[in-house]
Amino acid sequence: MSAFDPITHRLRHGCQTMAFPAGAPPVLPDRHGGSLRVEGAKCAEGCAACVPVCPTQAITRAVGNPVALDLGKCIFCAACVEACPTKAITQTGKFPMAVRRREDLLLGKSGEEELRLAIALDEKLKKLFGRSLRLRQVSAGGCNACEADVNVLGTIGWDLSRFGIQFVASPRHADGLLITGTVSRNMELALKKTYAAVPSPKIVIAVGACAIAGGPFIGNPQILNSASSIVPVDLFIPGCPPHPLTILDGLLRLLGRLE
Amino acid sequence: MNTPREFFLMSNGTSVPWTDVPEWPAAEFVAATAAEIERGGRLCAWFDVSENSGTRLVAIIAFDSENTLAVGRSTPVTKSYPSLTLLHPQAHLFEREVWEQHGLVPEGHPWLKPVRRQNGDHPANGKFFRVEGGEIHEVSVGPVHAGIIEPGHFRFQCNGEEVLHLEIALGYQHRGVEEALAGGAHRATMSQMETVAGDTTIGHATAYATILESLAGTEAPLRAQWLRAIALELERLANHTGDLGALAGDVAFLPTSSACGKIRGDFLNLTALLCGNRFGRGLIQPGGCKHDLEAERAAQLLAKLRVALTEVDEAAEWLWESNSARARFEFTGTVSAKQAAEIGLVGVAARASGLVRDVRFDHPAGWHRFAPMPVAVWPGGDVFARARVRWLEIQRSGKFLEEQLGAPPDGEIFADTGSPAADTLAVAMVEGWRGEVCHIALTDSAGKFRRYKIVDPSFHNWIGLALAMRGQAISDFPICNKSFNLSYCGFDL
């Protein structure tokens, strides 16, 4: 090897950063199901085949009502899709999934078959954060998968910093928090202190099924089941873990950077 | 009562009726376990089983060169027993864990304090070891760290730049994994196993599936075992590549750092090609696998694998050829072979201290019975050795996949397992990318989990990082830490 090898390698490969969002997003594998669509109107009468197969209790069906699926609790195992005899629950293959309000993740009612994607921050916050957003990441009872796929956004293929978004070491330097994990009781104090240390105005982003609703560990007494039980959350990004593309899409929607 | 002479011998991925496990009164059991370790054994697990009349201690000991596991238990104890840690330090955390959960005091344990117990809104860390002296200062780091990583607390005792002692306090990620398993399997259990340590989804999911299959007296179809072995090596490739990049990044060697960051993602995408999820979620289930790797998909995977392997080869070469990067790795954070054996290191960290220790080789189960894997060992015990072992394993995993993808066994990928046997103990170990993932289940009279014990490789290895930092400059902590890259959640459970 010569000292120039890394340089010639760079020249040979050129720019490896994806074209998205200006160009097409990267192609997801065929077995990646994407977001879900729930058409309660299609439910057979008295059928609740999907309810017991869901590992995270994301699906309910009250007597006389159509099925209700909470995409915030969902870990996207697709057991319900397989169990449904009338194809009321289907995979859409769509990667955008971030929402601003928790209730926008509830699917099933007429007109609410799919999630209601996030709208941008208000003008004042967009002016502050739209071109420069510094986030402090807090892993609180996570499994290191959401953390890993948030980290991926910093690699050359994704290059998050081209949007002015960066992860910083100190909450004092941050405009907000990005939280992953079930929020274990053992992290409650640390999360509260970190939030308090971020100067106002500040935003909070909850990434992954655990941070939204406890994920696979929902209901365990050792966890608090959501970031929103401790701090106000401005953006929910579902998934287990969400694909990096889903996370990036959510961040850009929040900042009004997607057309 | 008659005291038994010998432990029950079994192999990886098998089970034994609980009543067949020999028992000793506690003090004799500790002595018998110590004797087994002295004749070449290694403590894979030491845990508790509750009974009305007290708590039983259970030991799983591996005899690597004999491909055998030895199992024994104590009669129920209340209050205390003589500490095994005094004889064999590798028991230190296991004894703390049993004490934390049952109040059973290991008499003479030199550092008895909580492991992960909750104390209000934070873990009960207990008192930290403190070096006294006018020139000593203490550095306290975490639980929230500077990067995007899991939480843990590090307490350094320093004299100037030199670290005299590091104490690592964890527990922040505790989600109640083992507690939730009692009375299971439940409908969430498979998903919980996949997220014990989310970067080791295949490792933990395979161990769990093997446990249920073994308890039911069956095994997964060969093609499913083949798929699991392939997914396990893809998991290893992604993580090892990420680690090489992270190590390069920590010494500001950016070419390898940025290349490996991207290639790691390419390996994760191969797992997604197989099952739709980059971490292998939803691939494995008790009884087999959910997704097949058809010929066309296998060919696609192989083609992409070859590109990624060529790229990682190039990126690693820059690192090894860079004298300045190597100089930062060599003789930094050394753990001697003797220390490694005493504290019971496993996985990459053990092999980098020259220990021949790999479940795929020593205790082959599943597909590894038919496709053996050589052990990648490097002497030295320093950061360089840990990086080098990863590099050797990247090459071996690549070769393994190239061979295996071309030679799939025919058949189904799933077969119903049936019900787990009652009152039975099962042990399953998998060589995850960090090291030995060990699961143990004991069923009750209805075949439900009475006790389920999980030992992530990190449980053995965190103390290795603490030892590696002794006498080291505190500025070397990041590369020492990355060279181990241990799991917080896998430890905290």
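The values are calculated or read from the model by the stated rules, or taken from the named source; none is laboratory data. These numbers come from a predicted model, not from an experiment. A quick note on method: Cβ atoms are made from the backbone with ideal geometry, for glycine too, and the neighbour counts reach across all protein chains shown.
Specify which of the listed residues (A:107, A:11, A:69) is touching a residue at least 60 places away in the same chain (Cβ under 8 Å) and not basic (Lys, Arg).
Values: A:11 fails: touching a residue at least 60 places away in the same chain (Cβ under 8 Å); A:69 fails: touching a residue at least 60 places away in the same chain (Cβ under 8 Å).
The conditions single out A:107.
Of the residues making up segment B:415-458, those that are free of Cβ contacts under 8 Å to residues at least 60 places away in the same chain and of a type in the set (A, V, I, L, M) are B:422, B:446. For segment B:73-122, which positions are in contact with a strand residue (DSSP E or B) (Cβ under 8 Å, 6 or more places away or on another chain), in a loop (DSSP other than H, G, I, E, B) and more than 18 Å from residue B:170 (Cα to Cα)? Of everything in segment B:73-122, those that are in contact with a strand residue (DSSP E or B) (Cβ under 8 Å, 6 or more places away or on another chain), in a loop (DSSP other than H, G, I, E, B) and more than 18 Å from residue B:170 (Cα to Cα) turn out to be B:75, B:76, B:78, B:79, B:83, B:84, B:85, B:88, B:104, B:108.
For residue B:371, the conditions (1) farther than 21 Å from residue B:45 by Cα; (2) crowded, with 23+ Cβ neighbours inside 10 Å all hold with the exception of (2).
Considering only residues that are farther than 16 Å from residue B:286 by Cα, surrounded by 15 or more Cβ atoms within 10 Å (Cβ to Cβ) and not aromatic (Phe, Trp, Tyr), look in segment B:396-422 and name the one that is nearest to the chain's Cα centre (by Cα). Break it down stepwise before answering.
Within segment B:396-422, the subset farther than 16 Å from residue B:286 by Cα is B:396-411, B:422.
Add one more test, that the residue is surrounded by 15 or more Cβ atoms within 10 Å (Cβ to Cβ), and what stays is B:396-398, B:400-401, B:404-405, B:408, B:422.
Filter once more, so that each one left must be not aromatic (Phe, Trp, Tyr): B:396-398, B:401, B:404-405, B:408, B:422.
Values: B:396: 20, B:397: 18, B:398: 22, B:401: 22, B:404: 25, B:405: 26, B:408: 28, B:422: 28 Å.
Step by step, filter segment B:396-422, then rank; the result is B:397.
Restricting the first member to segment B:72-86 and to residues that are closer than 18 Å to residue B:43 by Cα, and the second to residues that are assigned to a loop (DSSP other than H, G, I, E, B) and not acidic (Asp, Glu), the beta-carbon pairs closer than 6 Å and six or more apart or on different chains are B:72/B:7; B:72/B:22; B:73/B:21; B:83/B:108; B:83/B:109; B:85/B:109; B:86/B:108. Scanning segment A:228-240 for residues that are assigned to a helix (DSSP H, G or I) and either among the β-branched types (Val, Ile, Thr) or away from chain B (no Cβ under 14 Å) (or both) gives a single hit, A:228.
Report, by residue number, each residue of segment B:135-155 that is more than 25 Å from the chain's Cα centre (by Cα) and part of a strand (DSSP E or B). Across segment B:135-155, the qualifying residues are B:136, B:137, B:138, B:139, B:140.
Residue under question is residue B:132, and the condition is that it be free of Cβ contacts under 8 Å to residues at least 24 places away in the same chain, among the acidic types (Asp, Glu), in a loop (DSSP other than H, G, I, E, B) and more than 8 Å from every other protein chain (Cβ to nearest Cβ); does it hold? Considered against the rule, which asks whether it is free of Cβ contacts under 8 Å to residues at least 24 places away in the same chain, among the acidic types (Asp, Glu), in a loop (DSSP other than H, G, I, E, B) and more than 8 Å from every other protein chain (Cβ to nearest Cβ), residue B:132 comes out as yes. When residue A:25 is tested against (1) closer than 30 Å to residue A:84 by Cβ; (2) within 12 Å of chain B (Cβ to nearest Cβ); (3) in contact (Cβ under 8 Å) with a residue 60 or more places away in the chain, only condition (2) is not met. For segment A:94-113, a residue qualifies if it is in a loop (DSSP other than H, G, I, E, B), surrounded by fewer than 17 Cβ atoms within 10 Å (Cβ to Cβ) and at pLDDT 95 or above, and exactly one does: A:101.
Taken over segment A:172-187, the criterion of being more than 8 Å from chain B (Cβ to nearest Cβ) and within 23 Å of residue B:493 (Cβ to Cβ) is satisfied by A:179, A:180, A:183.
Against the test of being in contact with a Pro (Cβ under 9 Å, 6 or more places away or on another chain) and crowded, with 24+ Cβ neighbours inside 10 Å, the options B:228, B:223, B:278 yield a single qualifying residue, B:278.
The residue that is surrounded by the fewest Cβ atoms within 10 Å (Cβ to Cβ), among those in segment B:310-362 that are over 22 Å from residue A:7 (Cα atoms) and touching a Cys at 6+ places or on another chain (Cβ under 8 Å), is B:332. On the stretch given as segment B:288-306, residues that are closer than 19 Å to residue B:394 by Cβ and away from chain A (no Cβ under 12 Å) total 4. Among the residues of segment B:268-287, is there at least one that is more than 10 Å from chain A (Cβ to nearest Cβ), of a type in the set (S, T, N, Q) and without any contact (Cβ under 8 Å) to a residue 40 or more places away in the chain? Checked segment B:268-287: no residue is more than 10 Å from chain A (Cβ to nearest Cβ), of a type in the set (S, T, N, Q) and without any contact (Cβ under 8 Å) to a residue 40 or more places away in the chain.
Residue-by-condition table, conditions (1) among the β-branched types (Val, Ile, Thr); (2) more than 13 Å from every other protein chain (Cβ to nearest Cβ); (3) more than 20 Å from the chain's Cα centre (by Cα); (4) in a strand (DSSP E or B):
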| residue | (1), (2), (3), (4) |
| --- | --- |
| A:119 | yes, yes, no, no |
| A:136 | no, no, no, yes |
| A:148 | no, no, no, no |
| A:152 | yes, no, no, no |
| A:157 | no, no, no, no |
| A:199 | no, yes, yes, no |
| A:204 | yes, yes, no, yes |
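Checking the condition more than 9 Å from chain A (Cβ to nearest Cβ) and buried (at least 20 other Cβ atoms within 10 Å of the Cβ), which residue from B:366, B:265 passes?
On the way: B:265 fails: more than 9 Å from chain A (Cβ to nearest Cβ).
Residue meeting the stated conditions: B:366.
Among the residues of segment A:48-63, are any hydrophobic (A, V, I, L, M, F, W, C), within 11 Å of another protein chain (Cβ to nearest Cβ) and in a helix (DSSP H, G or I)? The answer is yes; a qualifying residue exists.
Quick check on my filter: what residues within segment A:81-93 are at negative phi, touching a Leu at 6+ places or on another chain (Cβ under 8 Å) and surrounded by fewer than 23 Cβ atoms within 10 Å (Cβ to Cβ)?
Of the residues in segment A:81-93, the ones at negative phi are A:81-86, A:88-92.
With touching a Leu at 6+ places or on another chain (Cβ under 8 Å) added as a condition, the list becomes A:81, A:89-92.
Listed by number, the residues that qualify are A:81, A:90, A:91, A:92.
Exactly one residue out of A:169, A:190 is part of a loop (DSSP other than H, G, I, E, B), more than 19 Å from residue A:58 (Cβ to Cβ) and at the interface with another protein chain (Cβ under 8 Å from one of its Cβ atoms): that is A:169. Note on segment B:245-262: residues that are more than 13 Å from chain A (Cβ to nearest Cβ) and in contact with a Lys or Arg (Cβ under 6 Å, 6 or more places away or on another chain) total 3.
Here's the yes/no breakdown for (1) closer than 15 Å to residue B:172 by Cβ; (2) at pLDDT below 95; (3) among the hydrophobic types (A, V, I, L, M, F, W, C):
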{"position": "A:169", "(1), (2), (3)": "no, yes, yes"}
{"position": "A:179", "(1), (2), (3)": "yes, no, yes"}
{"position": "A:190", "(1), (2), (3)": "yes, no, yes"}
{"position": "A:204", "(1), (2), (3)": "no, no, yes"}
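Here residue A:9 does not fit the description of being within 14 Å of another protein chain (Cβ to nearest Cβ), at pLDDT below 95 and either in a strand (DSSP E or B) or crowded, with 18+ Cβ neighbours inside 10 Å (or both). Candidates in segment B:140-161 are the residues that are over 29 Å from residue B:198 (Cβ atoms), surrounded by fewer than 19 Cβ atoms within 10 Å (Cβ to Cβ) and not acidic (Asp, Glu); of these, the one that is nearest to the other protein chains (Cβ to nearest Cβ) is B:158.
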